[in-house]
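K.L.:
Just dropping this structure here.
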Amino acid sequence: MKTRENKMTFESMNEEATEFFNRHGWVVINQRLDEKAVNDVRTSWVELRERCAQEMGVSMDAYRKEISQWRDLWTQGGAFMNLLDNHEQVRGVAQEGMDWSGVRLLHDHIIAKPAGKTNKKIPWHQDSMFWPVDLPGCSTWTPMEDVGVTGGCLEVIDASHLEGCEQPVDFMAEERWEFGDDAERVLLPVKAGSTVLLHSLTWHRSSPNTTNSDRPVHIGLWIHPSARWRPDLVDWHPVNAHCSIEPGYRLEGGMFPMWGDIEETQVPDVQIHDGTVRSGGISMFDASSILSRQISTILKKEGTLSSLLSSPEQRYEVMEKTVEHGVCIKSQDEEILAVLERLYICHAAYVLHKARNVFNATYADWWNLAGEAWAKTLEE
């Protein structure tokens, strides 16, 4: 597969930029946000992160190493809402690029790849695989600081949006690498406040951030206003909990704000994909529920993963039983306790603040250290 670094950018979402987007499945719009807007969003994110860590009673260092995604930021108003409500900021890029008369937000979030060794690669995937709707859409990717090729910039498979949608990719499974000899991987370094518009069928990923900065990026996920809710395609997605409509009807409601006009669309003759396929073991789709049941069984107590691991005493009890049952050896007790504390932070952050470790690294670390062996032990 060929690789190149992108040099093509546009100053506005004009006709030329739209034509480029339709042909390639991505486009870079320079400095969509001015310096004040960038600073406002970054400051709001820093304050949010600090407040979340304080409310959880964990150190900023421990929180920062574990939590990399904060969702539904627009509901907090302020700079986050202005990003979406102001057509001249990121929303206009989505609506104009897709040539829609209106646009609806599925949800927004910030993903930060913290400096250091705790951030990882987000594997190749298509966004439509993860959206419980029947039509493709787009996302806006807007960094709050310059992102170079060593900072975890977006990487895309050029024009891959023209090839249709496959089934959802499990971030905890083996990554797809085969795209054909003619496939071209394009690296998209961008300046702070610039916006990448990405078609939801475009294959993309981001590599680890190896710089000394935390690389916060605001991401808006946009759907056509007439897109219909299909929870059967993505039964695990958290936005399903916000829906009070019947499956197959237009996705709308208080958590899915819309701007512009609704232009009705036909139900597609062929569905966008065949739904999530789960394999054995643990996956990003149900890791927390699997581990909640496992820890509950080990402790012989009912509760969620975070409630079961909220106290050092209960984490110590899990560690003791893990060694006692021969799942791990005594010399691993500190390692076990450290992972259990990280599990608590990850699960509690999601329960309290809709924040999580987007890399699923902690769930995988527990599974590799003791979880998989525990699963076999508990089956016997």
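K.L.:
What is the diffusion coefficient of the chain in µm²/s, taking the Kirkwood radius over Cα pairs and the Stokes-Einstein relation at 37 °C with a viscosity of 0.692 mPa s?
P.N.:
Working: Rh = 21.8 Å.
Answer, rounded: 151 µm²/s.
K.L.:
Here's another thing I want to ask about it. On a C-alpha basis, how far is the centre of segment 47-72 from the centre of segment 125-200 in Å? Whole number, if you could?
P.N.:
If you average the Cα positions of each part, the centres end up 26 Å apart.
K.L.:
Additional query: Could you put ILE282, ILE272 in order, starting from the residue whose Cβ has the fewest other Cβ atoms within 10 Å?
P.N.:
Ordered by Cβ neighbours within 10 Å, fewest first: ILE272, ILE282.
K.L.:
Moving to a separate point now. Taking θ as phi - 60°, what are the ³J(HN,Hα) couplings along segment 209-225 by the Karplus curve (6.51, -1.76, 1.60), each to the nearest whole Hz, with x for Gly and Pro?
P.N.:
Values per residue, Gly and Pro as x: 8, 10, 8, 9, 10, 7, 6, x, 10, 8, 10, x, 10, 10, 10, 5, x Hz.
K.L.:
Check the straight Cα-Cα distances from LYS36 and name the lysines below 25 Å, setting aside those fewer than 8 residues away within the same chain.
P.N.:
Reachable lysines: LYS113, LYS191.
K.L.:
Compute the long axis of helix 312-324 from its Cα atoms, compare it with the longest principal axis of the Cα atoms of the chain, and write down the angle in degrees, 0 to 90, nearest 10.
P.N.:
It works out to around 70 degrees.
K.L.:
Would you calculate a helix-derived [θ] at 222 nm for the chain, using -39,500 (n - 2.57) for each DSSP H run of n ≥ 4 and dividing by the full residue count, to the nearest 500?
P.N.:
Rounded to the nearest 500, the figure is -9500 deg cm²/dmol.
K.L.:
What pairs in LYS300/LYS330; LYS7/LYS65; LYS121/LYS321; LYS7/LYS121; LYS120/LYS330; LYS330/LYS376 have C-alpha atoms more than 27 Å from each other?
P.N.:
On the way: LYS300/LYS330 22 Å; LYS7/LYS65 33 Å; LYS121/LYS321 33 Å; LYS7/LYS121 23 Å; LYS120/LYS330 29 Å; LYS330/LYS376 20 Å.
Check vs 27 Å cut-off fails for LYS7/LYS65; LYS121/LYS321; LYS120/LYS330.
K.L.:
Right, next: Grab the Cα-Cα distance for ASN368 and GLU163, subtract it from 0.36 nm times how many residues apart they are, and report the gain in nm with one decimal.
P.N.:
Gain on stretching ASN368 to GLU163: 70.3 nm.
K.L.:
Calculate one ³J(HN,Hα) per residue across segment 284-294 by plugging θ = phi - 60° into the Karplus curve 6.51 cos²θ - 1.76 cosθ + 1.60, and present them in order as whole Hz with x for glycine and proline.
P.N.:
With coefficients 6.51, -1.76 and 1.60, one gets 5, 6, 8, 4, 5, 5, 5, 6, 4, 5, 5 Hz.
K.L.:
Using alpha-carbon pairs under 8 Å, 6+ residues apart, how would you state the relative contact order of segment 1-93 in percent? If you can, show how the numbers build up before the last one.
P.N.:
Numbers: 53 pairs, mean separation 20.4, N = 93.
Relative contact order comes out at 22 percent.
K.L.:
Label segment 287-379 by shape, choosing from rounded, prolate and oblate, from the square roots a ≥ b ≥ c of the eigenvalues of the Cα gyration tensor; if a/c is under 1.5 it is rounded, and otherwise prolate applies when a/b is larger than b/c, oblate when it is not. Could you put the intermediate results ahead of the total?
P.N.:
Working: a/c = 1.56, a/b = 1.48, b/c = 1.06.
Taking the square roots of the gyration eigenvalues as a ≥ b ≥ c, segment 287-379 is prolate.
K.L.:
Can I ask one more? With both partners inside the chain, how many of the DSSP beta bridges are antiparallel, as a percent to the nearest 5?
P.N.:
Values: 42 of 47 bridges.
DSSP beta bridges in the chain are roughly 90 percent antiparallel.
K.L.:
Order these by the 10 Å Cβ neighbour count, fewest first: VAL234, VAL351. Please list the in-between numbers first.
P.N.:
Numbers: VAL234 20, VAL351 16.
Least crowded to most crowded, the residues run VAL351, VAL234.
K.L.:
Diagonalise the Cα gyration tensor of segment 166-243 and give the resulting equivalent ellipsoid semi-axes, square root of 5 times each eigenvalue, largest first, whole Å. Don't jump to the answer; show the numbers that get you there.
P.N.:
Details: eigenvalues 133, 78, 46 Å².
For segment 166-243, the semi-axes come out at 26, 20, 15 Å.
K.L.:
Please list, short to long, the whole-number percent of alpha-carbon pairs of segment 199-274 in consecutive 10 angstrom bins beginning at zero.
P.N.:
13, 40, 29, 14, 4
K.L.:
Turning to a different aspect of this structure: Please give the length that would be gained between ILE262 and GLU184 if that part of the chain were fully extended, namely 0.36 nm times their separation in residues minus their C-alpha to C-alpha distance (nm, one decimal). Please report the intermediate quantities before stating the final value.
P.N.:
Numbers: separation 78, 0.36 × 78 = 28.08 nm, distance 3.58 nm.
Result: 24.5 nm gained on full extension.
Values quoted throughout were computed directly from the atomic coordinates according to the rules given, and no laboratory measurement underlies them. From a predicted model like this one, the values you see are computed outputs, not experimental measurements. Quick reminder, even Gly has a Cβ in these numbers, built from the backbone with ideal geometry, and neighbours come from all protein chains shown.
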